Amino acid sequence: MESKAFFTKQLLEWSKEVDRPMPWKGERNPYLIWLSEIILQQTRVEQGLAYFLRFKTTFPTVQDLAKASQDEVFKLWEGLGYYSRARNLHATAKRIVDDFDGVFPTAYKDILSLKGVGPYTAAAIASFAYDLPYAVVDGNVYRVLTRFFGIETPIDSTLGKKDISALAQELLDKKQAAKYNQAIMDFGATQCVPKSPNCKVCPLKNRCVALKDNLVNILPIKSKKLKKRDRFFNYLVIEQDEYTFIEKRTAKDIWQDLYQFPMIESDQIIEREILVESEAWKQIFNEQIPTITSKSTIYKQTLSHQKINAIFWKIILDSKTDLNVENWIKISDKDILSYAFPKIIDMYLKDRVLVLF
Ligand code: SF4
């Protein structure tokens, strides 16, 4: 038996023995499959599970999700990160209601046309819901295939992506697409894991090129390593009586449509003297001289392309001062948790460890 046929057969055999229960496994409802796939993108299963169940309970149908406000969706999403996924989820639910009469599309090309749905998610929905013959290709699949077939083309190159996608499609058992796709996903997640896979117990070990040529820790190969950009956010936690000011992030940037304390971005960590001399500070406070009572330690959050460093400056304003800044919202302390914030602000709100200077 040639290697390709061996691969598919062994994988399907292996999957019969594997017990990896997930609430969406065996699910045929395309809405719930889509929901789980969007939640699980860039998220660990253990973390995504609670969110999936919460979304499923709050919005049992695509119509329920379409009817919700963006703030409701964001609040439920809070803590998962990559908020563009939540925005796309909501926009897509509305589009399904408007353009597809509330019925999830059944053709692969229509599924792929949905916002936030790439080839991987489209293949997962098409195969799991309708058994259509489309192979899933994601990081797990790249890893399994490059190792088993000993492919050394970088997986982030155009050629690597094209070749591996074509190979994945060739390997797919077209008569049982859902089963095969589930099997390869489970195999990548539990057997051919990124670090130190237990090759001794692998059902593919006799024909695995990476194992034979000692390339298990080398494959898959990536050509570029991403350099993350450092950003420095100075959040102004302005308190006036029992109120605090927040604003919505509206710019096309990370965390669009989430809330935050008014923020001044700098190009490095700055001291108080530099902050109060900045143009942004003068624009906000004009001639007023508010009291900075404390600053926090540095909070850090790493995103896919950026590293955020944040300092929270606590500022007390007297009752009479009127800042009159457009778009700021004055909220009472007890309401603060009803707004959706980026994780870095949630971290601050949770511990509020302020270091006096
Ligand atoms: S033998 Fe090791 S590297 Fe090869 S497919 Fe199995 S787990 Fe992956």
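The values are calculated or read from the model by the stated rules, or taken from the named source; none is laboratory data. Please read these numbers as outputs of a predicted model, since none were measured by experiment. Please note: Cβ atoms are built from the backbone with ideal geometry, for glycine as well, and neighbour counts cover all protein chains shown.
Screening residue 16 with (1) modelled with pLDDT of 95 or more; (2) within 18 Å of residue 177 (Cβ to Cβ) gives one miss only, at (1). Can you confirm whether residue 134 is more than 16 Å from the ligand (Cβ to nearest atom) and touching a residue at least 24 places away in the same chain (Cβ under 8 Å)? So residue 134 passes the test.
Only one entry in 142, 51 is touching a Pro at 6+ places or on another chain (Cβ under 6 Å) and in contact (Cβ under 8 Å) with a residue 12 or more places away in the chain, namely 142. Which residue pairs have Cβ atoms closer than 6 Å, lie 6 or more positions apart in sequence or on different chains, and pair a first residue in the range 203-226 that is within 11 Å of the ligand (Cβ to nearest atom) with a second residue that is polar (S, T, N, Q) and modelled with pLDDT under 95? Close Cβ pairs satisfying both conditions: 207/3. Screening the range 11-37 for residues that are among the hydrophobic types (A, V, I, L, M, F, W, C) and within 20 Å of the chain's Cα centre (by Cα) and picking the one that is surrounded by the fewest Cβ atoms within 10 Å (Cβ to Cβ) gives 22. Within the range 181-202, the set of residues being more than 9 Å from the ligand (Cβ to nearest atom) and farther than 14 Å from residue 140 by Cα comprises 196 only. Being of a type outside the set (A, V, I, L, M), within 28 Å of residue 88 (Cβ to Cβ), under 28 Å from the mean Cα position of the chain (by Cα) and not in a helix (DSSP H, G or I) is the requirement here; does residue 156 meet it? Yes; evaluated as a whole, the condition is true for this residue. Could you tell me whether residue 166 is among the aliphatic types (A, V, I, L, M), at negative phi and out of contact with any helix residue (DSSP H, G or I) (no Cβ under 7 Å at 6 or more places or on another chain)? Taking the combined requirement at face value, the residue satisfies it.
Taking residue 217 as meeting all but one of (1) surrounded by 18 or more Cβ atoms within 10 Å (Cβ to Cβ); (2) at pLDDT 90 or above, write down the number of the exception. In the conditions (1) surrounded by 18 or more Cβ atoms within 10 Å (Cβ to Cβ); (2) at pLDDT 90 or above, residue 217 misses (1) alone.
Screening the range 95-145 for residues that are within 18 Å of the chain's Cα centre (by Cα) and among the small types (Gly, Ala, Ser) and picking the one that is surrounded by the most Cβ atoms within 10 Å (Cβ to Cβ) gives 124.
Among the residues that make up the range 178-190, is at least one of them touching a residue at least 40 places away in the same chain (Cβ under 8 Å) and farther than 23 Å from residue 132 by Cβ? Checking the range 178-190: at least one residue is touching a residue at least 40 places away in the same chain (Cβ under 8 Å) and farther than 23 Å from residue 132 by Cβ. Taking residue 243 as the residue in question, decide whether it is in contact (Cβ under 8 Å) with a residue 60 or more places away in the chain and within 28 Å of the chain's Cα centre (by Cα). Answer is no for this residue.
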